[in-house]
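This report concerns only the one structure given below.
The values are calculated or read from the model by the stated rules, or taken from the named source; none is laboratory data. Quantities reported herein were computed from a predicted structural model and do not represent experimental measurements. Neighbour counts are summed over all protein chains in view; Cβ atoms, including those assigned to glycine, are modelled from backbone coordinates with ideal geometry. Accessible surface is based on the protein model in full, side chains and every heavy atom, while ligands, DNA and RNA are left aside. Shrake-Rupley method; radii C 1.70, N 1.55, O 1.52, S 1.80 Å.
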Amino acid sequence: MRATEHRAAPAGSPRWPDGRRSCVALAFDLDGPTGDAMLDGSIWRNPAYFTLGSYGPWRALGRLLDVLDARGVPATFFVPTWVVENWPEQCAAIVERGHEVGYHGDRHEAFWTLSTSQQRDVMARSTEVFERRLGVRPVGFRTPSGDWGEDTIRVLIEAGVRYSSSMRGDDRPYLLHAERVGTLVEIPGRWELDDYASLAYHRNPDFPASLDRIASYETTLDNWRREFDGSHREGLCMTTLFHPKVSGKPGRIALLERLLDHMCAQRDVWFATCRDVAEWWIDQHGEANVLRGEHA
């Protein structure tokens, strides 16, 4: 047993179920080929780019679900509705194997560029597709753009969303309040735990020609481990912004396996879906700790 397991979490750390020291809410964005190139139509002139995105739901997802099953670790998958529509069987496997699905736009739109009515349209379509294709009505949302508009919180609450994992304002969950509408739990992530930042191959800029396009796998794993170690030491909540099409490939899935094994070895980590974290946070804090100002 490591020394950190014998020390109490620092004063002021959140409380987690069964006295666990810290929380890990693994989360994956199953974007497929959605995004800017689909929104502007250029993807239909670039089959290579389309297949690069399709690799996520078509091939990488099943491999990733096997890894999670082998370790008994739950996860949340944020999925654009276009992906649900085009790979319904693969997306259904997420639910069938006990994991959570959450909203992630229709075609990975930048919500901050949409009007309030356009955001409502995306959420209405998302609700209909998830119910029809997967038989579920999600309660979680991750903005595709990493940002949102002035009315997004209100739109989400009106659509039945109970939590978001979109912002960066803390390393613990916190509550957001929309006047006369309700409260939303925010489960913040960090770019350090986005596999795109290290592992997505970049063709541009192409100068200098010898510039590394991806980070060392060992360095990437070391970074992720250190992020977890710091979060666990302080008794916090860590979530990820991983993408099956990026880290679900044969050589890279080993990084996730080793990261999961490192976290599981601590034995006092609460592994939970984002939905479970949100429900726990509301039960523990209710309306009493609604944060305003920069978090609202």
Per-residue SASA entry for GLU179, accessible area with 1.4 Å probe, Å² rounded to 10: 110
Quick one: the Cα spread of the chain along its three principal axes, in angstroms, biggest first? 56, 51, 40
Pick from ASP212, ASP276, ASP106: which is most flexible by mean-square fluctuation in a GNM of the chain where alpha carbon atoms under 10 Å apart are linked? ASP212
Expressed in nanometres to one decimal, the distance between label points 7 Å along Cα→Cβ at HIS262 and TRP191 is 2.1
Show the residues, 5+ positions off or on another chain, whose built amide H is closer than 5 Å to the amide H of GLY102. PHE77, PHE78, VAL79
Amide H of ASP194: which non-local residues (sequence gap of 5 or more, or other chain) have their own amide H closer than 5 Å, using H built in the peptide plane? LEU241
Quick numbers on segment 131-252, Rg and Dmax over C-alpha atoms in Å, give 17.7, 56
Relative packing of peptides 139-150, 27-38 - highest average C-beta neighbours within 10 Å first: 27-38, 139-150
Taking +1 at the Cβ of each Lys and Arg and -1 at the Cβ of each Asp and Glu, which of SER115, ALA278, LEU176 sits farthest along the dipole of the chain towards its positive end, judged by Cα position relative to the Cα centre? ALA278
Just to verify a number: FRET efficiency for GLU89 and ASN223, C-beta to C-beta distance, R0 = 30 Å, to 0.05? 0.30
Taking the chain and counting helices only, DSSP H stretches of n ≥ 4 at -39,500 (n - 2.57) each over all residues, the nearest-500 ellipticity at 222 nm comes to -11000 deg cm²/dmol
May I ask you to rank GLU257, GLU218 by accessible area, largest first, using a 1.4 Å probe over the protein chains only? GLU218, GLU257
Over the Cα atoms of segment 37-170 the radius of gyration and the largest Cα-Cα distance (Dmax), both in Å, equal 15.1, 43
The set of cysteines in the chain having no other cysteine's C-beta under 4.7 Å reads CYS91, CYS264, CYS274
